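Written out below as structure tokens is the structure these notes cover.
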Amino acid sequence: MTAPAVSFSGVEKTYKRPRLLGAEYHTAVKELSFEIQAGEVTGLLGLNGAGKTTIMKLITGLLFPTAGKVRVFGHSPSEVAAKARVGFLPELPYFPPQVKPAAALEYYGRLSGLSGAELSLAIESSMRKTGLEPHAGKRISEFSKGMLQRLGLAQALLHKPDLLVLDEPVSGLDPLAIHDIRALLAGLNSEGRAIFLSSHSISEVEKLASRVLIMVRGALAVTVSRAQWEAAPGGLEKIFVEAVK
Amino acid sequence: MNNLLLVRAVAFNAFAENVRNRFFTLFAVFAFTAVYASVLAGVMAVDQEARVLADFGLALIELTALAYSIFGASSALLKEAETKTIYLVFSRPVPRWAYLAGKLSGTLLTAGLMLLIMGAMHLSLLAMRGFGLPPFYAWALAGTFLKLSIIVSFAFFVSLFSTSAVSTLVISSIMWTLGHFASEARYMVERLPGIKGIAFSALLWLIPNLQLFNARDAAGAAAALGPAALFSAAAWVAASFLGALWLLSRKEF
């Protein structure tokens, strides 16, 4: 039996903020258990501060859980074996403005262990998939927000990951860019990649995901499958509103 | 995957980013102005012009390179965390030691380039005034580079627990200043009685003796920078690197 793409088991994450006398603690996620299967598109919904970004960072090894266990393809997120299979798009990624997209991708490709012809092919393929090819001659400083987001996706795709973790992938984009990115994600999923995306846009998650996790104040309130929200009157939006109220 | 290739990728990227940054050009222009302005001090020195120009220029080179390097080292990791660039690095199979080694190497490469550029400016001034290459010139630059290596590594370490780039800059500058008074401090501590003497002697181990790297002080010796200087630099860089790595490996982003 193959390991799930992501597995959370009783996970808690508490942030410690040092103060003049002692420290202040804030629990961002608590008693969190869920699984994401390989090849599945899972959405993550929640209000601001619900713990969505914390979950993404726990999966990518940027944060360590305070309690419980996180596994990515059966490995700890800090292990090379896990990281090699994950592509991460953080919210509003930054790239050096003076360089061209291929140069930025070359750096991240090298960090993913690519080199030589394999690296060149990966850059070409990522730029083609994300529609950046016509803009290859521009500097990143000339890029619009939508193009930056495409570049963010391109860097996440370089090493052909089995799991894409996307934090607000369509945040602030115009309708055409949203349409293109949605089509791109659907295409990546059809190649067998699991996608885990967080968003404030219920309609976007509804269009892409086969299952949605709704977070409320750091806890998993509801897990809804496509069949459930399609059968429910008011759809996913009503389920979400009822869960967070 | 070869981790050394990762170190090289991070180092070259850091080097390229540093050189592209406008501060590199600004510091180079400042150094050019300061080095060439030292011609006034040389003229006032009359028959000691060659010595004054050489000493003054080398001191300016060291101070400018120090300011540039500490500035770069203080903000190197902080900037990557603020811009979230570090997310794209640490979500990949990049060991934290490789990232730290790459960043440190990139910063030192830039400091080395800055030293070479300023050295070339200085030598061109000396040539313009009709003077040749001063003895121990290369050793002096090498000594300055070793001092920079120590302070830059220390700044990386401090930047991982300090609250801002400014506090890292201040702490590292204090360390650099203290390091130039290590012999004087040792002389005074040796005269302290009892437990005070022991306590202050222990504290002295926390300050690098940067006087070891003043190559011109050692004029007449077989080699301006002896094994003690090289060993001291290696030990301080290694200790700061390990301290920084210990902090970085526990750091969350």
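The values are calculated or read from the model by the stated rules, or taken from the named source; none is laboratory data. Predicted, not measured: the structure shown is a model, and the values here were computed from it. Glycine also receives a Cβ, built like all others from the backbone with ideal geometry; neighbour counts cover every protein chain displayed.
When you go through (1) closer than 22 Å to B:Val10 by Cβ; (2) surrounded by fewer than 14 Cβ atoms within 10 Å (Cβ to Cβ) one by one for A:Gly187, which number turns out not to apply?
(1)
Could we say that B:Leu60 is touching a His at 6+ places or on another chain (Cβ under 9 Å), in contact (Cβ under 8 Å) with a residue 12 or more places away in the chain and surrounded by fewer than 23 Cβ atoms within 10 Å (Cβ to Cβ) here?
yes
Here are some residues: A:Gly113, A:Gly49, A:Gly87. Which one is closer than 30 Å to A:Arg139 by Cβ and modelled with pLDDT under 95?
The conditions single out A:Gly113.
Is region B:172-187 home to any residue that is surrounded by fewer than 17 Cβ atoms within 10 Å (Cβ to Cβ) and within 21 Å of B:Leu247 (Cβ to Cβ)?
yes
So for region A:24-47 (the condition being within 13 Å of chain B (Cβ to nearest Cβ) and outside any strand (DSSP E or B)), does at least one residue qualify?
no
So in region A:65-77, with the set limited to residues that are of a type in the set (Val, Ile, Thr) and not in a loop (DSSP other than H, G, I, E, B), which one is farthest from the other protein chains (Cβ to nearest Cβ)?
If we take residues in region A:65-77 being of a type in the set (Val, Ile, Thr) and not in a loop (DSSP other than H, G, I, E, B), then A:Val70 is farthest from the other protein chains (Cβ to nearest Cβ).
Looking only at region A:7-57, count how many residues are touching a Pro at 6+ places or on another chain (Cβ under 9 Å) and among the β-branched types (Val, Ile, Thr).
So the answer is 4.
Could you give me the residue pairs with C-beta distances under 7 Å whose first residue belongs to region B:233-250 and is within 20 Å of B:Gly143 (Cβ to Cβ), whose second residue is among the aliphatic types (A, V, I, L, M) and surrounded by 13 or more Cβ atoms within 10 Å (Cβ to Cβ) wherever it lies, and which are 6+ apart or on separate chains?
B:Ala233/B:Leu146; B:Ala233/B:Ile150; B:Trp236/B:Ile150; B:Val237/B:Ile150
Spot the failing condition for B:Arg216; the list is (1) surrounded by 14 or more Cβ atoms within 10 Å (Cβ to Cβ); (2) at pLDDT 90 or above, and only one is missed.
(2)
Does A:Val80 satisfy being of a type in the set (A, V, I, L, M, F, W, C), without any contact (Cβ under 8 Å) to a residue 24 or more places away in the chain and either over 15 Å from A:Leu164 (Cα atoms) or more than 8 Å from chain B (Cβ to nearest Cβ) (or both)?
Yes: the conditions hold for A:Val80.
Determine, yes or no, whether B:Ala45 is of a type in the set (Gly, Ala, Ser), surrounded by fewer than 23 Cβ atoms within 10 Å (Cβ to Cβ) and in contact with a helix residue (DSSP H, G or I) (Cβ under 9 Å, 6 or more places away or on another chain).
yes
Which one is surrounded by the most Cβ atoms within 10 Å (Cβ to Cβ) among residues in region A:28-76 that are among the polar types (S, T, N, Q) and under 16 Å from A:Phe8 (Cα atoms)?
A:Thr60
Tell me which residues, restricted to region A:67-91, are of a type in the set (S, T, N, Q) and either under 19 Å from A:Glu35 (Cβ atoms) or in contact with a helix residue (DSSP H, G or I) (Cβ under 6 Å, 6 or more places away or on another chain) (or both).
The answer is A:Ser76, and nothing else.
All but one of (1) away from every other protein chain (no Cβ under 12 Å); (2) in contact with a Pro (Cβ under 7 Å, 6 or more places away or on another chain) hold for B:Val39; state the number of the condition that does not hold.
That leaves (2) as the condition not met.
Scan region A:85-122 for residues that are closer than 22 Å to A:Thr60 by Cβ and either free of Cβ contacts under 8 Å to residues at least 12 places away in the same chain or of a type in the set (Ser, Thr, Tyr) (or both) and jot them down.
Correct list: A:Tyr94, A:Tyr107, A:Tyr108, A:Arg110, A:Leu111, A:Ser112.
So B:Gly197 fits all but one of (1) in contact with a helix residue (DSSP H, G or I) (Cβ under 8 Å, 6 or more places away or on another chain); (2) closer than 25 Å to B:Ala59 by Cβ; what number is the exception?
Going through the list (1) in contact with a helix residue (DSSP H, G or I) (Cβ under 8 Å, 6 or more places away or on another chain); (2) closer than 25 Å to B:Ala59 by Cβ, B:Gly197 breaks only (2).
Tell me which residues, restricted to region B:36-58, are among the hydrophobic types (A, V, I, L, M, F, W, C) and more than 19 Å from the chain's Cα centre (by Cα).
B:Ala37, B:Val39, B:Leu40, B:Ala41, B:Val43, B:Met44, B:Ala45, B:Val46, B:Ala50, B:Val52, B:Leu53, B:Ala54, listed by residue number.
Got a number for residues in region A:207-242 being crowded, with 16+ Cβ neighbours inside 10 Å and assigned to a strand (DSSP E or B)?
Of the residues in that region, 10 qualify.
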